[in-house]
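Values quoted throughout were computed directly from the atomic coordinates according to the rules given, and no laboratory measurement underlies them. Since the structure is predicted, the reported quantities are computational estimates derived from the model, not experimental observations. Ideal geometry is used to build each Cβ from the backbone, glycine not excepted, and the neighbour counts take in all protein chains shown.
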Amino acid sequence: MDDKKYWIGFNLIKGIGAVRMQNLIAYFGDLESAWNAPAAELTSAGLGAKLTEKVLAAKKQVDLNQVWARIEAQGIKILTWADEEYPTRLKEIDQPPPVIYIRGDYAADDLFAVAIVGTRKVTAYGRQMAEEVASFLAASGITVVSGLARGVDAIAHQSALKAGGRTIAILGSGVDKIYPPEHRGLAEQIVERGAVMSDYAVGTPPESSNFPPRNRIISGLSLATVVIEAAETSGALITAEFAAEQGREVFAVPGSVLAPQSKGTNRLIQKGAHPLLTPADLMQALDLTRMEKQKSARKALPADETEAKVLSVLRGEPLHVDEIRNAADLPIEKISAALTMMELKGMVRQVGGMNYVAVREAQSSYAVNSD
């Protein structure tokens, strides 16, 4: 558990977001000290009188051990700024959420993600485009991110799953409060092949004011945001605005100037968004070839010190497992386990008689990243 329960404690208090959390950590050194601090210290840390009162009230009312136990019982994972697994792209945005609640798994390859958003009142044209774009991305190994809403969002999630890909749903509520309720089944499917995520505390209801802020996470997790259909006041346009502010690419599907659902997307294109005519346009702009090379390099990198030693020992000529053990100066059981895993990952190849060679791509990736 480490100190995560204290992150959750402060996350439960309305008014304490990224900036104040940073201030607390800077002042106290860690959130456990901040949680146990007296009122005067909290005020000195910059919370102010009202927020200090809220913290003191929360400390009396909330049993953090019980809260943590409930979260664990529901199979919910917690990621904070302090975790290496915290999404890299999300950490790059202005004021990233201090705490993320996850059902399912955020995987390393989810670094390569594209958001698909749009209207709830989707037309047949919008449905077809959402299906085509999401299916193409998923089949290309790109994670599809959306908001689980009715219309375009749900179609994007469903299409990614049908194509055998990964998808992530970002909620405007706690991860235990699925909205809309008819998408509970879809949410469970997403948990199996991706993740349902939120920066709102467990138990938070789906209040309307929660949805615009959560859109920054949809765009923040993604290389680009695609708006399929959107009216002039659509929430999807908020996601596009966040994406532009975060320095991410924005694509919009053009539509009839007479269709209400295309007014927002056509306006985005007028303001400089990339017009998306085919899914291939998106992949060309995002340089799919480069991303595939990056994925291969990530998989080829050693996962721990044992793999690193084995890879450093292997060269072009085959080496017997005993020679590898002697050169790496590690127990044979460690070497054998590492070789088995590295063969599965495509880093090494057995060439007969317990002799191994390094796969060239793995060796070159390791050499480049070791410099």
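Each listed q (0.09, 0.10, 0.12 Å⁻¹) maps to a log10 I(q)/I(0) for the stretch 103-292 from the Debye sum over equal C-alpha point scatterers, namely -0.27, -0.33, -0.49. A viscosity of 1.306 mPa s and a temperature of 10 °C, combined with the Kirkwood radius over C-alpha pairs in the Stokes-Einstein formula, give the chain a diffusion coefficient of 70 µm²/s. Sorted from longest to shortest, the spans of the Cα atoms of the stretch 33-96 along the three principal axes equal 35, 32, 18 Å.
May I ask for the net charge around residue 77, where only other residues with Cβ less than 11 Å from the Cβ of residue 77 are counted and Lys, Arg are +1 while Asp, Glu are -1? Could you put the intermediate results ahead of the total?
Working: positive: 4, 103; negative: 72, 83, 85, 105.
Taking every other residue near residue 77 into account, the sum is -2.
Comparing mean-square fluctuations of 172, 235, 75 from a GNM of the chain with C-alpha springs under 10 Å, the top value falls on 75. Two numbers describe the Cα atoms of the stretch 1-73: Rg and Dmax, which are 11.6, 37 Å. Work through the residues other than residue 241 whose Cβ is under 15 Å from its Cβ and net out their charges, Lys, Arg +1 and Asp, Glu -1. Once all neighbours under 15 Å are counted, the net charge is +1. When the chain is treated as a GNM with alpha-carbon contacts under 10 Å, the residue of 236, 49, 201 showing the greatest mean-square fluctuation is 49. Restricting the calculation to alpha carbons of the stretch 1-152 gives Rg and Dmax of 19.5, 60 angstrom.
Give me the net charge of residue 101's neighbourhood, meaning all other residues with Cβ under 14 Å from the Cβ of residue 101; Lys, Arg count +1, Asp, Glu -1. Mind dumping the intermediate values first?
Working: positive: 4, 5, 70, 77, 103, 177, 214; negative: 72, 83, 85, 105, 176, 199.
After counting each charged neighbour, the total is +1.
Ordering 190, 115, 276 by the projection of their Cα atoms onto the charge dipole of the chain, which places +1 on the Cβ of Lys and Arg and -1 on the Cβ of Asp and Glu, puts 276 at the extreme positive end. Modelled spin labels at residue 39 and residue 271, positioned 7 Å past Cα toward Cβ, are 4.6 nm from each other. Shown for 250, 175, 226: other C-beta atoms within 10 Å of each C-beta, ranked fewest to most, produce the order 250, 175, 226. Our coupling estimate for the stretch 73-84, obtained by passing each phi through the Karplus curve with A = 6.51, B = -1.76, C = 1.60 and θ = phi - 60°, is 4, 8, x, 8, 9, 10, 10, 10, 3, 6, 8, 5 Hz, Gly and Pro reported as x. Return the subset of 60/177; 162/271; 14/77; 54/121; 5/91; 5/50 for which the Cα-Cα distance in this structure is over 30 Å, preserving the input order. Pairs exceeding the cut-off: 162/271; 54/121. The aspartates and glutamates within cross-link reach of residue 263, meaning a Cα-to-Cα straight distance under 19 Å and a gap of 8 or more places when in the same chain, are 153, 229, 232, 241.
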